Structure formats: structure tokens, C-alpha cells
Amino acid sequence: MGKQTYQFSTSATDFYFADSITHLKEIIDVKHAVFITDENIFKAHLKRFKNSKVIILKPGEAHKNQETVNSIIQQLIAFEADRKTILVGVGGGVVTDITGYVASTYMRGIKFGFVPTTLLALVDASIGGKNGIDIGVYKNIVGVTKQPSFILHDFSSLGTLPETEWHNGFAEIIKHACIKDAAMFKELQQHSFKYYFSKKKETALLIERNAKIKLKVVQKDEFEQADRKLLNFGHTLGHALENQYELSHGQAISIGMTYASHISEQLLGFKQTEAVVKTLEQYGLPTYFKFDKAKVFDVLKMDKKRERKEMNYILLEKIGKGVVKQIPLNQLEKIIQSL
Ligand SMILES: NC(=O)c1ccc[n+]([C@@H]2O[C@H](COP(=O)([O-])OP(=O)(O)OC[C@H]3O[C@@H](n4cnc5c(N)ncnc54)[C@H](O)[C@@H]3O)[C@@H](O)[C@H]2O)c1
């Protein structure tokens, strides 16, 4: 069991890459743990939860909301959870976001850790301490930044992950490549998700490489004053589409990255849109999408990257080099209309 500790501004996260959930008892006192998972994961991995206190959520983004938070808190009270209790989120990004949010607010904050079970959560959602919920169509509009105590990678959970969820995970991997790692982009161009689907060692390396890209960015800029903004490539439009059109997170940001590449072309002379689009499609992700521009802009303008009348939009100068461009809202509205 190899531990790597990452220090953040006020706390640290212990990382256990390519490990097994059976080692959890060596990391935490499982007697004082409450597990949070969703119905699909619980059914697929019943044995993991034997003899544990478990809170089982309805699966899906539609349940990443205040109602679920209230229900979790009621169950924590029923378990007589106290400040020494540790919450362990075993699941995809919905479970990890909501577990971190509840743990950060229950009794003014208790410890928490994650065992991510989707590719997307392994490479992105579980990392970095952003934990939040949606209010209606407004994604992650309520939340906190607080780091988990540990993140344990157990790849055996990927064995039950549906194929479409693999596609979704690749959206965040392609995002990392676009903003930070041109060499990884080249590698991704040479393969498809089927290659990784069948190659455990290569997938493990890809997961660790991506987790470390995110970790490095977050360590440098935990509270998103500069570089961390880049991780939102594809997310401004993506988030505005996600709940309005009931897209998965991966699909929504894939569409967001497609249009952000076109906007990069318009504003920065970016020349590799075709390569971005082709790679997204190679990994089973949607690219061009018909949407109601006015309705979507109405939600988009509430994005957390807006500062008064300007939006910090993430664009590409070239593959591997993301940049933050401040776009006045009235100009952005025209750009969105013209897409
Ligand atoms: N906090 C962050 O920094 C951050 C970053 C990226 C994304 N996110 C959030 O992550 C969420 C998306 O995460 P996601 O794509 O993991 O979605 P998800 O958590 O909804 O999981 C996708 C589906 O896969 C099922 N599932 C999960 N693991 C499984 C397994 N091993 N076997 C079988 N089924 C399994 C789930 O039940 C669900 O139906 C969004 O809410 C997004 O906003 C957060």
C-alpha cells in the first residue's frame, strides 16, 4: 500500500494510487465511518459494504441537491454520528461532491475521504476539495473548498462501470490534455477508449497521470485565483447545458470544449479545433449540439467565473496551453448567438 501525501494550504490529502478498498481498515477506524454511495454502486459491490453503516443515495445528477443533503443529515443523526465520525464517499462525482459538502457542514465540519468509482471521479471530481450541490439548473452554485483526508483508488470498481461512463471520464482527460499536456493529447489521438478499456496497466498510468495534473494545479492555486481556472475549460457553456438538457457531465463539457475551441479560433487564432473535435468523437463524446442560445446564455451568465460584467472564459492558444480570457458579457452573448 503506497501512500503519497499532498499538502494544501491548511490540510493534506493522503493518496493511495492503484490500491484496494480492503486496505481501508488500515487508513481509518472503520468502526467510526459512515459510507455514502448510490444504489447502482451499492448493488454492484454489495460485499464492500458488509457490516458497515451505509447511506445509499438515488443515483444521478438530479439528486445532487439540498433535498439529498437533508436526507443524509437525518440519517447521520440516526446513526448518532459525531465529530469523530468520518464520512467515506464511495462513488462517482455526484457521490464525492455531496459527501464532501455534507462532511464540511455537518457539525461545522467532520473528516471525509473518497473511494472514487468512475473514471471521471478518479481523474478529476474526487480531487481538489471542491464539494458542492446544484440548485435547479445552476450547477455547483452552492459549495465549499475543503480537502478530503484521503483518496483511495481501487480500480476493481471500473469492472462494473458502464461503457458510457468511460466516455464521460475521457472528457476530463481530454480537457487536461488540451489545457496542460500536448504530449498526452498526442497519445490520446493515437488510441480510442476501447484501447484503454482493455488495457489495465495503461489505464492505471493514465489515471495517475491525470490525477497528478489536477493535483499540481490545485496545489498551486487551491482557491482558484489563477491557474485553477483553466480546469474549467469547456465548463462555462457545459454547465449551462448540463441540467437544462439532462446531459451527463462528460457530454456537457465535451460540447463545451468543442465550442470553446471555436471561440479560441475567433479570439486567439487557435488552429487545432478539428483535432480537438476528432479526439472527443474518438472517445464516444458528443461535440456539436443544437440548443436554445438565449435560454442557455441566461444560465451561463450566472457561472461562478463571472466577475461583474466580464466572464473569465477558458480558451486555448494551442493544444497543451489553456489561457483565461476575460470576455465582456455583451460580447459573449453575441458569440454564443453566433455559434
Ligand atoms: N468537485 C470537482 O472538482 C468536480 C470535477 C468534475 C466533475 N464533478 C462533478 O462530478 C459529477 C459527475 O461525476 P460522474 O461522471 O462520476 O457521475 P455519477 O457520480 O453520476 O456516476 C455516473 C453513473 O455511474 C454509476 N456508477 C458509478 N460508479 C459505478 C461503478 N463502479 N459501477 C457501476 N456503476 C457506477 C452511478 O450510479 C451513476 O449512475 C458532476 O456532478 C460534476 O459536477 C466535480
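Structure values in brief
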item: Answer from Ile36, Ile133, Ile127, Ile41 - the residue that is in contact with a Gly (Cβ under 6 Å, 6 or more places away or on another chain), within 10 Å of the ligand (Cβ to nearest atom), of a type in the set (A, V, I, L, M, F, W, C) and closer than 24 Å to Thr164 by Cα; result: Ile41
item: Failed item in (1) modelled with pLDDT of 95 or more; (2) surrounded by fewer than 20 Cβ atoms within 10 Å (Cβ to Cβ), with Lys130 passing the rest; result: (2)
item: Boolean, Ile98 is under 18 Å from the mean Cα position of the chain (by Cα) and either over 26 Å from Gly2 (Cβ atoms) or surrounded by 21 or more Cβ atoms within 10 Å (Cβ to Cβ) (or both); result: yes
item: Check on Phe297, closer than 15 Å to Thr258 by Cβ and aromatic (Phe, Trp, Tyr); result: no
item: Residues being of a type in the set (S, T, N, Q) and surrounded by fewer than 20 Cβ atoms within 10 Å (Cβ to Cβ) - total across the range 13-39; result: 2
item: Top-ranked residue of the range 285-339 - restricted to ones that are β-branched (Val, Ile, Thr) and in contact with a Lys or Arg (Cβ under 7 Å, 6 or more places away or on another chain), ranked as surrounded by the most Cβ atoms within 10 Å (Cβ to Cβ); result: Ile314
item: Test: Gln7 is closer than 27 Å to Asn140 by Cβ and more than 23 Å from the chain's Cα centre (by Cα); result: no
item: Index of the failed condition, Gly113 passing every other in (1) surrounded by 23 or more Cβ atoms within 10 Å (Cβ to Cβ); (2) under 19 Å from Ala252 (Cβ atoms); result: (2)
item: His249 over 25 Å from Gly132 (Cα atoms) and at pLDDT 95 or above; result: no
item: Evaluation of Phe49 against (1) under 16 Å from Leu152 (Cβ atoms); (2) surrounded by fewer than 21 Cβ atoms within 10 Å (Cβ to Cβ); (3) away from the ligand (no atom under 14 Å from the Cβ) (one fails), failing number; result: (3)
item: Flag if Glu172 is in contact with a Ser or Thr (Cβ under 7 Å, 6 or more places away or on another chain) and closer than 29 Å to Val69 by Cβ; result: no
item: Matching helices (runs of 4 or more DSSP H) fully within the range 145-211 where at least 2 residues are surrounded by fewer than 21 Cβ atoms within 10 Å (Cβ to Cβ) and aliphatic (A, V, I, L, M); result: 182-190
item: Selection count where residues are under 26 Å from Val144 (Cα atoms) and within 16 Å of the ligand (Cβ to nearest atom), scope the range 12-23; result: 2
item: All positions within the range 53-108 that are basic (Lys, Arg) and near the ligand (Cβ under 10 Å from one of its atoms); result: Lys58, Lys64
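The values are calculated or read from the model by the stated rules, or taken from the named source; none is laboratory data. Predicted, not measured: the structure shown is a model, and the values here were computed from it. With ideal geometry, Cβ positions are generated from the backbone for all residues, glycine too; neighbour counts draw on all protein chains shown.
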